Amino acid sequence: MSEVSTAGAVQHADRHAAPESRPATSRRSVRPRDAYGLMVLPALALAAVGILYPVALSLWNSLTKSDGGQNAYAWLWENPVYMEILMRTFSTALLTVLLCLGLGYPFAYLMAISGPKVRAMLIAFTLFPFWISGLVRTFAWVIIFQKDGPLATMAPMLFGDGLLRTAAAVQIGLVQVLLPFMVLPLFNVMKGIDMRLVAAAESLGARPLVAFGRVFLPLSLPGIFAGSLVVFVMTLGYYVLPQMLGSSRQALIGQAIFTQANDLNNLGRSGALSVILLVISLALLAVSAWGRRYLPGSRGQR
Amino acid sequence: MNSKHIGLKLYGAFVALILVLPTLIVIPVSFSNKSSFVFPDGWSLRWYETFFTDRGWMAASWNSVQIGLLSALLATVAGTAAAIGLTRWSRRKTSSTLSSILLSPMVVPGIVMAIGIYMLFSQIGLLGTVHGFVIAHAMLGIPFVVVAVTASLSGLDVQLEKAAASMGATPFGVFRQITLPLIVPGVASGALFAFVSSFDEVIVSLFIKSPFLETLPVRMYSSVTDDSNPTIAAAGTLVLLFTTLILAVGSAFSRSRRRKLSPRSSK
């Protein structure tokens with residue numbers, strides 16, 4: 001899912017394309033201008049069947065279907081288990097963000113200051129996980145974490161029974177799978193930072209660490225912001241990975257939705273959980289789109 | 001950078017290993033002589049033999065290829081048309097709203113889409129059908145096509161199209177002889193990603209499969225819990241090889257093309 005990072009690219013492309021394409025279509029065009037609108041229809045029809053109507057259906061069910069004679073939202077509100085699941089999902093997502101930052105920031109910094117050869121290699125390492133199946137990457141962790149697996153064999157005292165079906169396994173898996181989504185936005189911002197600014201600070205007497213902390217770090221904030229947001233939102237919505245590596249007793253919200261819909265056939269409750277997850281995800285993205293304007297270095301950067 | 005960054009470099013190497021190494025464990029396990037996921041002490045090809053002789057695995061692989069190709073085709077045609085329409089349409093407000101709708105599969109959590117699609121498809125009888133899979137996967141693939149084609153279009157010189165039109169080309173002629181050849185790299189890379197995303201899709205497929213129609217990832221997912229023998233490692237290794245091959249060929253193609261065009265596009 002290289003999705004969210006590329007979504008930004010389109011907005012850029014859009015913005016660039018707009019002024020050029022306008023003269024072509026507005027005045028002298030022979031074709032009726034709304035023909036371009038018609039070209040969007042097939043894709044829009046697919047989106048209607050594949051996402052608009054299904055999401056609307058979930059919303060509708062969450063409001064109208066009362067499993068067990070109770071409104072789904074009221075039921076969730078009264079059931080502390082779901083608040084717990086929501087909190088667990090948030091804390092897992094937050095920890096994933098922090099660990100990805102800890103691993104990804106120095107890595108992206110190294111990418112930014114390296115020569116072209118090393119940089120290309122590091123980029124390849126970051127893109128490799130994009131290339132290969134997310135399912136295979138998760139499955140690899142199943143092998144590593146299982147009882148009698150490599151981890152248990154290497155450190156029998158610590159992990160004799162393996163880590164599978166634990167929260168730690170989910171956390172490690174999430175960090176490894178989502179790390180590229182942290183590194184790429186960080187690198188995108190860092191490569192645009194003028195390193196002469198850091199050099200200037202040092203030449204004026206700042207110690208290297210101070211120069212880094214006062215000059216480079218603030219300029220890299222948009223990258224930290226973008227990467228953290230992507231990783232956070234993606235963690236919220238994960239189902240397959242926590243299901244394969246974790247235990248159902250420590251379910252995340254994705255698993256709770258699946259259980260309600262598939263195992264218990266409570267479409268109202270699963271709909272309500274879906275709506276909550278969707279609203280939180282979209283709200284975070286909207287807030288970030290708004291907040292990005294107030295970060296340093298967010299203008300004039302590619 | 002210099003020797004003072006030695007600590008940073010070591011850390012970078014560590015992170016690079018974290019990114020790549022764990023995944024590669026499926027390769028030795030797929031050649032295992034044991035019938036569990038334990039690290040092998042001897043080698044054998046029996047799990048590949050199981051994979052290639054088992055009807056279920058073969059059917060699932062064939063379904064994945066078929067659904068991947070069909071949905072990539074649909075996503076590419078619809079997505080390319082949409083990208084052109086959205087870039088050129090004079091109603092900027094509407095087209096930016098439409099564009100966020102088309103790109104929304106990238107940000108809406110998979111499980112949310114899966115539940116909704118399941119409910120809709122069970123109402124209209126698309127569960128467990130190739131049609132259903134193709135529609136759902138095409139919808140998921142459209143964002144890749146729209147992003148790639150839009151990027152290509154932004155580098156396109158509109159004057160070329162005007163020139164062709166002024167010399168009497170029909171609108172379709174302009175598209176076929178001018179626009180399309182110039183945006184082919186974007187279309188191709190969009191198609192590639194649409195295929196790979198369908199080929200790797202689990203969560204929606206898990207909901208719309210039937211006992212008679214499942215894809216390779218669905219079978220892999222269910223066999224992790226059900227059989228736990230290394231056939232899935234063999235399948236995983238083959239998937240790894242297959243997707244890497246597709247994307248490597250794709251990027252080699254686009255690089256050679258870029259080299260051909262490089263004198264003009266100075267970047």
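Bear in mind these aren't lab numbers, they're just calculated from the coordinates by the rules spelled out. Just so it is clear, the structure is predicted and the values come from calculations on it, not from any experiment. Positions of Cβ are generated from backbone atoms using ideal geometry, with glycine treated the same way; all protein chains shown enter the neighbour counts.
Computed quantities for the displayed model
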| quantity | calculated |
| --- | --- |
| Choice from A:Val189, A:Val198, A:Val40 with maximal GNM fluctuation in chain A (Cα, 10 Å cutoff) | A:Val40 |
| Relative contact order computed over chain B (Cα-Cα under 8 Å; 6+ residues apart), in percent | 29 percent |
| Cβ neighbours within 10 Å from other chains - mean over B:213-220 | 2 |
| FRET efficiency estimate (nearest 0.05) - Cβ-Cβ, B:Arg91 to A:Ala155, R0 51 angstrom | 0.25 |
| Span from the the range B:104-182 Cα centroid across to the the range A:48-82 one, whole angstrom | 31 Å |
| Selected from A:Gly173, A:Gly223, A:Gly102 as most flexible by GNM, with chain A as the system and alpha-carbon contacts under 10 Å | A:Gly102 |
| Kirkwood Rh in Å, taken over the range B:60-217 so that all alpha-carbon pairs contribute | 16.6 Å |
| Kyte-Doolittle mean at least 1.6, axial Cα span of 30 Å or more - DSSP H helices of chain A | A:167-190, A:267-291 |
| Relative contact order (%) - chain A, alpha-carbon pairs under 8 angstrom, separation at least six | 25 percent |
| D (Stokes-Einstein, µm²/s), Kirkwood Cα radius, the protein assembly as shown, 1.567 mPa s at 4 °C | 51 µm²/s |
| Residue order, fewest to most surrounding Cβ atoms within 10 angstrom, among B:Leu213, A:Leu110, B:Leu45 | B:Leu45, B:Leu213, A:Leu110 |
| Where only C-alpha atoms are counted, convex hull volume of chain A per residue in Å³ | 201 Å³ |
| Neighbour-count order for B:Glu214, B:Glu49, fewest beta carbons within 10 angstrom listed first | B:Glu49, B:Glu214 |
| Hz values of 3J(HN,Hα) by residue in the range B:66-73 - Karplus curve (6.51, -1.76, 1.60), Gly and Pro given as x | 4, 5, x, 5, 5, 6, 5, 4 |
| Likely footprinting exposure, B:Asp41, A:Asp67, fewest C-beta neighbours within 10 Å first | B:Asp41, A:Asp67 |
| Simple spin-label estimate for A:Lys65 and B:Ser100 in nanometres, 7 Å along Cα-Cβ | 2.8 nm |
| Test item: Cα-centred dipole of the protein assembly as shown, Lys/Arg +1 and Asp/Glu -1 on Cβ, debye | 2500 debye |
| For B:Ser32, distant residues with modelled amide H under 5 Å away | B:Ser44 |
| Pairs beyond 22 Å (Cα-Cα), from A:Lys147/B:Lys209; A:Lys147/B:Lys9; A:Lys117/B:Lys9 | A:Lys147/B:Lys209; A:Lys147/B:Lys9 |
| Calculated [θ] (222 nm, deg cm²/dmol) that DSSP helices of n ≥ 4 give over chain A, each run adding -39,500 (n - 2.57) | -22500 deg cm²/dmol |
| Cut-off under 5 Å, modelled amide H: who pairs with A:Gly246 long-range | A:Arg165 |
| Hydrodynamic radius of the range A:34-192 per Kirkwood, over alpha carbon pairs, in Å | 20.1 Å |
